[in-house]
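The numbers here are math on the coordinates, done by the rules we state, and not lab data. What you see is a predicted model, and the numbers here were worked out from it, not measured in a lab. Here the Cβ is made from the backbone with ideal geometry for all residues, glycine too, and neighbour counts use every protein chain on show.
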Amino acid sequence: MTLERIAIVKIEECLLVTIQVDMHDRLALTLREDLGERLLTTQARGVLLDISGLDTLDTFIARVLAGISSMAKLLGAETVLVGMQPAVAMTLVELGLTLEGVHTSLDVDRGMALLKKLLV
C-alpha cells in the first residue's frame, strides 16, 4: 500500500503546497512531516499553503494547519494560507478556531506577494 502524499514544490525561496484532495487525518500528519523535512533540506524561508480545494475543515485538520505554521516559524519560515472557501471560514468561526499566528490571503498571487513582504 502506497501512502498518499501532497506535492510540495519549491519556487524561489518558498515552498508551495496545493491541497486539491479531501484532507483526512493521516494525510494531514504526513503533510506536516513532509513539509518539515522539505523546509530543512531546501532552507526555504516561506510556505504558501493553498487550501482552495478544501470544501470542509474539521478541528483536527485546522489544528494541524496551525501547527504547520508554528513549525515553519520555528524552522525560520513564514507561512501564508490562501484560498479559504467561505464555508471553511464559517466553520472555523463556528468552532471558535482562530488559526493564531497564521497569515492569510485570498489567492495564490496575493499570498505570494504577502510572503515576499514578510521575507524582506
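Points worth noting:
- Residue-span extension gain [T98 to T56] - 0.36 nm each, minus C-alpha spacing: 13.5 nm
- Full extension of the chain between L40 and L119 yields a length gain of 26.7 nm, computed as 0.36 nm times the residue separation minus the alpha carbon distance.
- Filtered trypsin sites (Lys or Arg not before Pro), segment 1-107: DSSP coil and at most 13 other beta carbons within 10 Å: R5
- J(HN,Hα) series, segment 22-34, from Karplus relation 6.51 cos²θ - 1.76 cosθ + 1.60, nearest Hz, glycine and proline x: 5, 8, 10, 4, 4, 5, 4, 5, 5, 4, 4, 5, 4
- Here's the picture: charge each Lys and Arg Cβ at +1 and each Asp and Glu Cβ at -1 in the chain, and of C14, A87, L97 the one pushed furthest to the positive end of that dipole is C14.
- A Cα-only calculation for the chain places Rg and Dmax at 13.3, 43 Å.
- Gain on full stretching of the segment that runs from E4 to L75 - 0.36 nm per residue minus C-alpha separation: 23.1 nm
- Amide proton proximity set for L16, modelled H, under 5 Å, gap of 5+: V9, K10, I11, L48
- Label point distance in nm, I11-D107, each placed 7 Å from Cα along Cα→Cβ: 1.2 nm
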